[in-house]
Amino acid sequence: MTHTRARYRRATVAIGAALILTAAPIATPPAYADSDVAAFMIGSTGGLYKKTGGQTVRVHGQQVSSPGGGLTAIRYTNGNSTAYAIGVHGGLVRSTTTGGDAVGGVTTVGPYGLAPPGAPVSAAGYNVFFVSSFGAVFHKTDQNASQPQQITGSIAPPGAAVAAIPGPIPGVAFVGTDGALRVVRSISTGIWTTSLASPPNFATPGAPIAAVSTAAGYVTGLDGRIWRVGLNGGALPDPWTPTAVAGVGAAPAGAHLSAVQFSGGPAIVMFAGHDGAIWATSNVSGAWHEPTAATAAGVAVAGQPIAATIHGDHIHGDWCGTNWVREIRLPKPRVPVDPDPEPWNAEFSSFGAWNIQPGAHVVSFVR
């Protein structure tokens, strides 16, 4: 097990205007292993794995999806949950859990060949979304046994990343084949509307999006900038009104982002940077500062997924590095006493695990 605490060295960056950032040497923090957060991932053999604290175990013997493939999870009020993925046969599959522990096998809930095996899937509430092999967005509700339903035409790259939008009205965001960010919302039962949320060539077609709410989604632009964009499905030019979260080249183009927001408090965006470190930024001071490293370099696969969830007064993150499953704890950002960004004071641990796919998709939640 290894541990890292990150502070920062001084550098000058620009995001509309110059900002001065600080950094300090890496130190060794206390061990960190949170057994209250469950994380799921698809291993190198296509099996479903679960991590709680320092334990990473295979859930059951069945193959769920392609190695490291996309997956999402729905957690119920009774503590049970269901993981969804696109199986090796291209159909939507589900694996149920009990009390936070996955015990069931795999059930196919959609026709074979519908989507590329291992394609990204995303869920919010009881709504699951994915993009088919012919570039159409599909929706499945977890509340009944209905099959996935097509809700758009062929306007996205096959198997593109999608981001289910939290809130009372089902919705999903994605980057279409023209590089424009789009929002699809349910306006009544079985009726969906698609709206532009950006101009074309805004982001890499099919790029991942982190959706926090209808007011805030985060996406990496073509030039490595990170943008905050509204996702309420209104017409251009408002209300999409992009805000630069990070400057040019801050993140790998098309990088997976993870974002969380404390109730009534700051938002935080995390990602695996060019150097394989976990980088983060927040708007705790009222404006975004350029991202700074929360870990040493080489702990993650650049641009690949990291799952983040709020647990009490801190942010918990999980990801699959090279031959390691890793987790990090970031305290809730606080307003700094000077103009410099707050030090992350991250607690970070690595856990050896067999058959883990580097850079695999990860989903996590508080048990």
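The values are calculated or read from the model by the stated rules, or taken from the named source; none is laboratory data. This one's a predicted model, so the numbers in the text were calculated from it and none came from an experiment. Using ideal geometry, Cβ is built from the backbone for each residue, glycine included, and neighbour counts are taken over all protein chains shown. Ligands, DNA and RNA are excluded from the accessible area calculation, which covers all protein heavy atoms including side chains. Shrake-Rupley method; radii C 1.70, N 1.55, O 1.52, S 1.80 Å.
Multiply the residue gap between Y126 and N323 by 0.36 nm, knock off their C-alpha separation, and tell me the result in nm, one decimal place.
Length gained between Y126 and N323: 67.6 nm.
Model label points for V57 and A215, set 7 angstrom from Cα along the Cα-to-Cβ axis, are 4.1 nm apart.
Computed on the stretch 142-294, with alpha-carbon pairs under 8 angstrom and 6+ residues apart, the relative contact order is 15 percent. Computing Rg and the Kirkwood Rh from the Cα coordinates of the stretch 208-331 gives a ratio, Rg/Rh, of 0.96.
Starting from the stretch 285-348, pick out the trypsin sites (Lys or Arg not before Pro) whose DSSP state is loop and whose Cβ has at most 13 other Cβ atoms within 10 Å. Provide the component values of the computation, followed by the final result.
Values: sites: R326, R329, R334; in loops: R334.
In loop regions of the stretch 285-348 (DSSP not H, G, I, E or B), the sparsely surrounded trypsin sites (Lys or Arg not before Pro) are R334.
Extension gain for the segment V335 to A287, taken as residue separation times 0.36 nm less the Cα-Cα distance, is 16.2 nm to one decimal. Peptides 356-364, 264-272 ranked from most to least packed by the mean count of surrounding Cβ atoms within 10 Å: 356-364, 264-272. Using the 1.4 Å probe convention, the accessible area of the chain works out to 38 Å² per residue with neighbouring protein chains retained. Taking the accessible area of the stretch 259-367, probe 1.4 Å, and keeping the other protein chains in place, the carbon and sulfur fraction comes to 51%. For the stretch 116-134, the residues whose amide N sits under 18 Å from a probe point set 7 Å from the Cα of T96 along the beta carbon direction are 126-128.
Length, then width, then depth: along the principal axes, the Cα atoms of the stretch 119-273 run 44, 36, 30 Å.
Can you give the relative contact order of the stretch 103-218 as a percent, counting alpha carbon pairs under 8 Å and 6+ residues apart? Value for the stretch 103-218: 20 percent.
Based on C-alpha pairs under 8 angstrom that are at least 6 apart in sequence, the chain has a relative contact order of 16 percent.
Residues in the stretch 66-75 carry Karplus couplings, in order, of 6, x, x, x, x, 7, 9, 9, 10, 9 Hz; the curve used is 6.51 cos²θ - 1.76 cosθ + 1.60 with θ = phi - 60°, and Gly or Pro positions show x. Stretched out straight at 0.36 nm per residue, the stretch from I187 to D223 would grow longer than its current Cα-Cα span by 9.5 nm.
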